[in-house]
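Enquirer: Below is one structure. I have some questions about it.
The values are calculated or read from the model by the stated rules, or taken from the named source; none is laboratory data. Because the structure is predicted, anything quoted here is derived from the model rather than measured. Reconstructed Cβ throughout: ideal geometry from the backbone, glycine too, with neighbour counts over all protein chains shown. These accessible areas exclude ligands, DNA and RNA; they are computed on the full protein's heavy atoms, side chains included. Shrake-Rupley method; radii C 1.70, N 1.55, O 1.52, S 1.80 Å.
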Amino acid sequence: MELRGHVGAALADYAPLAFVALWAGSVRLALTGVAVTVALASLPDLDLRVPRLRHRGHVHTVWFGAVVGAACAAGFAGVGEWVLDLSTADLAAFGFVVGATAILAHLAVDALPPMGVAPLSPVVRRRFSLDVVPSADPVANRRLLVAGLVATVATFALGGAVGAVG
């Protein structure tokens, strides 16, 4: 899929995490998560720009998602409670889930076209594909983006309302 589709899927997958951050009373954390999610949405496609990486290879696996999650955990924990008003452990956990979720959303979207992905490679080399839409389908990519934007806006509206009540 294209950047639009990946960003939309990542935002839709991030929406429940944003709600948790808002429910906990941290708009800053929720917005930081949005920024990180958007930044990571197409990270696995760096294999299109790095000559030695096979497209939809190592960076299109759950293992890469775990590595990105760990890096985000360190990054979120590194900003410390003095920036985001949560404990270092909570920030690390949140960061891990944000990073891993962004990569897993990318893999899920790349399973829509015929080429599919092998998310468990090299342990399980089987490729998974729903074969429902070509990667470059502008309508599908636009719909994914709109779905992600709607989910994000709805989450912040609902999360703000819940935060105001609590």
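Enquirer: If I go through region 74-121 residue by residue, how many of them are part of a helix (DSSP H, G or I) and open to solvent by less than 20 Å² (accessible area, probe 1.4 Å)?
Expert: 14
Enquirer: Check off (1) over 18 Å from the mean Cα position of the chain (by Cα); (2) open to solvent by 60 Å² or more (accessible area, probe 1.4 Å); (3) of a type in the set (A, V, I, L, M) for Leu53 and give me the number that stays unchecked.
Expert: Exception for Leu53: condition (2).
Enquirer: Okay, next question. Go through region 46-100 residue by residue and tally those that are of a type in the set (A, V, I, L, M, F, W, C) and closer than 19 Å to Val124 by Cβ.
Expert: Qualifying residue count for the region: 7.
Enquirer: Do we find a residue being touching a strand residue (DSSP E or B) at 6+ places or on another chain (Cβ under 8 Å), at positive phi and touching a residue at least 12 places away in the same chain (Cβ under 8 Å) anywhere in region 109-123?
Expert: For region 109-123, residues touching a strand residue (DSSP E or B) at 6+ places or on another chain (Cβ under 8 Å), at positive phi and touching a residue at least 12 places away in the same chain (Cβ under 8 Å): present.
Enquirer: For Ala24, indicate whether it is out of contact with any strand residue (DSSP E or B) (no Cβ under 9 Å at 6 or more places or on another chain), open to solvent by 60 Å² or more (accessible area, probe 1.4 Å) and modelled with pLDDT of 95 or more.
Expert: So Ala24 does not fit the description; no.
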